[in-house]
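Novice: Sharing a structure here in structure tokens format.
The values are calculated or read from the model by the stated rules, or taken from the named source; none is laboratory data. These numbers come from a predicted model, not from an experiment. Every residue, glycine as well, gets a Cβ built from its backbone with ideal geometry; the counts of neighbours run over all protein chains shown.
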Amino acid sequence: MLYANGAIVFTSGVCAGQSRTIMNGDASGLNLAYPLYEVPGAGDAFTAQQGCDKTLATCQNVYNNLQHRRAYDFVPPPDTTY
């Protein structure tokens, strides 16, 4: 699930230049947040960028990048700030 909340950018084929947010993915493929304008063909090149859920654990354990973290753990979610 490293690609959840990431992005995919097509670099060749009929979808060249299009980018979409990745909702989730596994070994069988990626699920995109929004559909592409065209169906990619076999052999079309793309770049998939890993996503981040902005949690302290992910930042520390997966990316080892606490010094550049830009999230706020102790701000309550909008539904609890009545």
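Novice: If you scan segment 50-69, which residues turn out to be surrounded by fewer than 13 Cβ atoms within 10 Å (Cβ to Cβ) and under 15 Å from Ile8 (Cβ atoms)?
Specialist: none
Novice: A follow-up question, please. Considering every residue within segment 55-70, establish whether at least one is among the aromatic types (Phe, Trp, Tyr) and touching a Gly at 6+ places or on another chain (Cβ under 9 Å). Working first, answer last.
Specialist: Pass one, segment 55-70, residues among the aromatic types (Phe, Trp, Tyr): 63.
Narrowing the set further to residues that are touching a Gly at 6+ places or on another chain (Cβ under 9 Å) leaves none.
Within segment 55-70, not a single residue is among the aromatic types (Phe, Trp, Tyr) and touching a Gly at 6+ places or on another chain (Cβ under 9 Å).
Novice: Quickly run through segment 22-49 and pick out the residues that are surrounded by 11 or more Cβ atoms within 10 Å (Cβ to Cβ), among the aliphatic types (A, V, I, L, M) and assigned to a loop (DSSP other than H, G, I, E, B).
Specialist: Within segment 22-49, the subset surrounded by 11 or more Cβ atoms within 10 Å (Cβ to Cβ) is 22-25, 30-33, 36, 38, 40, 44-46, 48-49.
So of that shortlist, the ones also among the aliphatic types (A, V, I, L, M) come out as 22-23, 30, 32-33, 36, 45, 48.
Of everything in segment 22-49, those that are surrounded by 11 or more Cβ atoms within 10 Å (Cβ to Cβ), among the aliphatic types (A, V, I, L, M) and assigned to a loop (DSSP other than H, G, I, E, B) turn out to be Ala33, Leu36, Ala45.
Novice: Taking Ala42 as the residue in question, decide whether it is modelled with pLDDT under 85 and hydrophobic (A, V, I, L, M, F, W, C).
Specialist: Considered against the rule, which asks whether it is modelled with pLDDT under 85 and hydrophobic (A, V, I, L, M, F, W, C), Ala42 comes out as no.
Novice: Another question, then. Return the pair list, or none, for Cβ contacts closer than 6 Å from residues in segment 52-72 that are more than 22 Å from Ala7 (Cβ to Cβ) and not assigned by TED's automatic domain parsing to the domain that holds Met23 to residues that are among the polar types (S, T, N, Q) and not in a loop (DSSP other than H, G, I, E, B), at least 6 apart or on different chains.
Specialist: Short answer, once both residue conditions are applied: Leu66/Gln60.
Novice: Applying the selection to segment 4-36, what residues are in contact (Cβ under 8 Å) with a residue 40 or more places away in the chain and over 21 Å from Val62 (Cβ atoms)?
Specialist: Val9
Novice: Follow-up question, since we're still on this one. Since Asn24 meets every condition but one in (1) of a type outside the set (D, E, K, R); (2) under 23 Å from Ala71 (Cα atoms); (3) modelled with pLDDT of 85 or more; (4) in contact with a Ser or Thr (Cβ under 8 Å, 6 or more places away or on another chain), which condition does it not meet?
Specialist: Looking at each condition in turn, Asn24 falls short on (4).
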